[in-house]
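The values are calculated or read from the model by the stated rules, or taken from the named source; none is laboratory data. This one's a predicted model, so the numbers in the text were calculated from it and none came from an experiment. FYI the Cβ positions are ideal-geometry reconstructions off the backbone, even for glycines, and counts take in every protein chain you see.
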Amino acid sequence: MALYLVQHGQSLPKEIDPERSLSVEGKSTVDRIAKVAADYKVHVSRIQHSGKARARQTAEIMASHLHPEGGLQESAGLNPNDDVETVAGAISHDENVMLVGHLPFMEKIVSHLVAGSPDKRVFKFQNGGIVCLDKDPGENSWYIKWTIMPQIG
């Protein structure tokens, strides 16, 4: 079972778009990262997103390349300041799930799962990037298996 965590792509400023939809650059970046993931044969069972425009659009672009059998689902608990422990406790261990959400939530859930505390940052996200977490069989702890980030320098 793998858990794929994605921070939404770059969005438009609130002054330009109150819904904060993805910018042209944001769409392009997410599309590029999704293509890389598809080329690597990343298998996603379903994609859950926060419901905010930028997360939904990011999830739709990811789904257009990764073709999750379970499709897309709007899910509570993925907003910027939601409780990571609640979401962590509901993670399915039977399928590969992608969660698309926001900062600081995404960084805090990685920290919670890997280091045991949402306050110990273990990874710095980039808009549109993917962090893959996994567990060894029979183990209870998570580790960062790989990442695909838009900027490597």
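Among the listed residues VAL110, VAL114, which satisfies the condition of being surrounded by fewer than 18 Cβ atoms within 10 Å (Cβ to Cβ), over 21 Å from THR29 (Cα atoms) and touching a strand residue (DSSP E or B) at 6+ places or on another chain (Cβ under 7 Å)?
From the options VAL110, VAL114, the qualifying one is VAL114.
Any residue at all in region 16-35 that's touching a Phe, Trp or Tyr at 6+ places or on another chain (Cβ under 8 Å) and part of a loop (DSSP other than H, G, I, E, B)?
Within region 16-35 (the criterion being touching a Phe, Trp or Tyr at 6+ places or on another chain (Cβ under 8 Å) and part of a loop (DSSP other than H, G, I, E, B)), the answer is no, since none of the residues qualifies.
Residue pairs, Cβ under 6 Å, 6 or more apart or interchain, first in region 88-116 and on the phi > 0 side of the Ramachandran plot, second in a loop (DSSP other than H, G, I, E, B) and surrounded by 19 or more Cβ atoms within 10 Å (Cβ to Cβ). List them.
Going by the 6 Å Cβ cut-off, there are no qualifying pairs.
Just to verify a result, which residue in region 60-76, among those that are part of a helix (DSSP H, G or I) and not aliphatic (A, V, I, L, M), is nearest to the chain's Cα centre (by Cα)?
To start, the set of residues in region 60-76 that are part of a helix (DSSP H, G or I) comprises 60-66.
When the remaining residues are screened for being not aliphatic (A, V, I, L, M), the result is 60, 64-65.
Working: GLU60: 12, SER64: 15, HIS65: 15 Å.
Only one residue tops the list, namely GLU60.
Tell me the residue from GLY71, GLY101 that is at pLDDT 95 or above, of a type in the set (Gly, Ala, Ser) and exposed (fewer than 13 other Cβ atoms within 10 Å of the Cβ), please.
On the way: GLY101 fails: exposed (fewer than 13 other Cβ atoms within 10 Å of the Cβ).
It is GLY71.
Residue-wise test of (1) of a type outside the set (A, V, I, L, M); (2) at pLDDT 95 or above; (3) in contact with a helix residue (DSSP H, G or I) (Cβ under 9 Å, 6 or more places away or on another chain).
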{"site": "LYS14", "(1), (2), (3)": "yes, yes, no"}
{"site": "ASP17", "(1), (2), (3)": "yes, yes, yes"}
{"site": "ILE47", "(1), (2), (3)": "no, yes, yes"}
{"site": "HIS65", "(1), (2), (3)": "yes, yes, yes"}
{"site": "SER75", "(1), (2), (3)": "yes, yes, yes"}
{"site": "ALA88", "(1), (2), (3)": "no, no, yes"}
{"site": "ASN96", "(1), (2), (3)": "yes, yes, no"}
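Of the residues VAL87, VAL42, which is assigned to a helix (DSSP H, G or I) and β-branched (Val, Ile, Thr)? Break it down stepwise before answering.
On the way: VAL42 fails: assigned to a helix (DSSP H, G or I).
From the options VAL87, VAL42, the qualifying one is VAL87.
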